[in-house]
Amino acid sequence: MDDDFGTLLERHRREIRVHCYRMSGSFEEAEDLTQEAFLRAWKGRGGFEGRASVRTWLYRIATNVCLDALARRPRRVLPDELGAAADPAGTPAALDVPWLGPIPDALLDTALIDTAAPDDTGAAVVERETIELAFLAAIQHLPPRQRAALVLRDVLDWSAKDTAAVLETSVASANSALQRARETLRTHLPARRADWASAGATTAEEAELLRRFIAAYEAGDPNAVAELLREDARAVMPPYPLWFDSRERIIAALRTSMDPESPFFTGRFRMVAVRANRQPAVATWVCRPGASGSRPGESVFRRFGVSVLTVESGLVTAIAAFETPSFAPFGLPETLILMN
């Protein structure tokens, strides 16, 4: 009996992880929150009476796990929320704050696979969820209970009654939390984005843009990068607090970091196209200047991070370059060994 119940729970792990990611803004934290939610569910399995579906019961447990966690830490941010745009000549220093982070599209897609359970009436729910970085940054401004009310009502399509039950409050209070959340959200979402429906696969135009973007970075050619950026493009680079608010500033910084003669030379890059947060992205490895560990004739490129791109009308309008702690969620190796 316990084995059957455990199997039933596991069918929903992937979509619960996406829910925890949306609530927390961090894939790594979402993994921990999901594990805690399933531990609570397993320990409380004797109290499950079947009056709601297992899926709904799990969402209630996971939401409360997230609320507990959010009460203990500040909201997650991106660098452009912390201060003015930076001088490209500035020296970056990492800042230890809770940063927003990306999630691979592959894990969003696999969350749709667990639909064999007879009580699962929301097989396509993850596809309807809004998961873009700008939306996640905006909902970070919401207090935890308002965030939960918004996600449950506007993302998961829960009723006011069920939402109130999770939040252990009245329907009137749950509705009030939702209205306040919507008002706050409107002030933080980009005005040009009226429809937050999930994007589809990478288009042919985006694929060609990514090809050129990768070629420019791998060649260390800032002029080629400039051709792909809109004039008002923005770039953020967690965990560094500095950010740039124009193509001119982004390229000025790249001229320094891509110049082998500069003391701030980052190294040589290798990239592959991926997708994260329903947006085009690139995974990046870097071979640092003077890096050791390779044999004669070889270069070792080590994990650097994932850059999530916003693309509009054939140009990059935003770059969020994250120093991700692992490439495992993307199914990519931590190092590349290439022949010179």
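Can you quote the Å³ per residue value for the convex hull of the Cα atoms in the chain, rounded to an integer? Working shown, then result.
Values: hull volume 52.5 nm³, N = 340.
Hull volume normalised by residue count: 154 Å³.
In debye, nearest 20, what is the charge dipole magnitude of the chain about its Cα centre with +1 on Lys and Arg Cβ and -1 on Asp and Glu Cβ, if you could check?
On the way: 40 positive and 46 negative charges, 113 e Å.
So the magnitude is around 540 debye.
Before anything else, pin down the relative contact order of the chain: Cα pairs under 8 Å, at least 6 apart, normalised by residue count, whole percent.
Reported as a whole number, the value is 17 percent.
Whole Å is fine, so just give me how far the alpha carbon centre of region 62-81 lies from that of region 144-193.
Value for the Cα centre distance between the two parts: 16 Å.
For SER176 and GLN35, what does the FRET efficiency come to when R0 = 41 Å and r is the distance between their Cβ atoms, rounded to the nearest 0.05? Walk me through the numbers before you get to the answer.
Working: r = 33 Å, r/R0 = 0.80.
Efficiency at R0 = 41 Å is approximately 0.80.
Based on the inverse mean of 1/r over its pairs of different Cα atoms, what is the Kirkwood hydrodynamic radius of region 2-188, in Å? Provide the component values of the computation, followed by the final result.
Details: mean 1/r = 0.0573 Å⁻¹.
By the Kirkwood definition, the hydrodynamic radius is 17.5 Å.
In nm², what is the average projected area of the convex hull enclosing the Cα atoms of region 204-339?
On the way: hull surface 34.1 nm².
The directionally averaged projection comes out at 8.5 nm².
Of ARG73, ARG180, how do they rank once you tally other Cβ atoms within 10 Å and put the fewest first?
Values: ARG73 11, ARG180 16.
Taking fewest neighbouring Cβ atoms as first place, the list is ARG73, ARG180.
For region 239-279, with only Lys/Arg (+1) and Asp/Glu (-1) charged at the beta-carbon, what is the dipole magnitude about the Cα centre, in debye rounded to 20?
Values: 7 positive and 4 negative charges, 65 e Å.
Here region 239-279 has a charge dipole of around 320 debye.
From the residues ALA224, PRO241, ALA328, which one has its Cα farthest along the dipole of region 204-339 in the positive direction, the dipole being from +1 and -1 charges on Cβ of Lys/Arg and Asp/Glu about the Cα centre?
It is ALA328, whose Cα lies furthest towards the positive end.
In percent, how large is the relative contact order of region 204-339, given Cα pairs closer than 8 Å and 6 or more residues apart? Mind showing how you got there, number by number?
On the way: 257 pairs, mean separation 31.8, N = 136.
Computed over region 204-339, the figure is 23 percent.
Please give the charge dipole size of region 204-339, origin at the Cα centre, charges +1 on K and R Cβ atoms and -1 on D and E Cβ atoms. Round to the nearest 20 debye. Don't skip to the end; give the middle numbers.
Details: 15 positive and 16 negative charges, 88 e Å.
In debye, rounded to 20, region 204-339 gives about 420.
If you filter region 1-84 for trypsin sites (Lys or Arg not before Pro), then keep DSSP loop positions with at most 10 other Cβ within 10 Å, what is left?
Numbers: sites: ARG11, ARG13, ARG14, ARG17, ARG22, ARG40, LYS43, ARG45, ARG51, ARG55, ARG60, ARG72, ARG75, ARG76; in loops: ARG11, ARG51, ARG72, ARG75, ARG76.
Of the trypsin sites (Lys or Arg not before Pro), the ones in loops of region 1-84 whose Cβ has at most 10 other Cβ atoms within 10 Å are ARG51, ARG72.
How would THR284, THR63, THR56, THR91 line up from fewest to most surrounding beta-carbon atoms within 10 angstrom? Intermediate values should be presented prior to the final figure.
Details: THR284 23, THR63 27, THR56 20, THR91 8.
Lowest to highest Cβ neighbour count: THR91, THR56, THR284, THR63.
FYI, it's all coordinate maths here, none of it is from the lab. Computed from a predicted model, the values in this text were never measured in an experiment. Backbone-built Cβ (ideal geometry, glycine too); neighbour counts: all protein chains shown.
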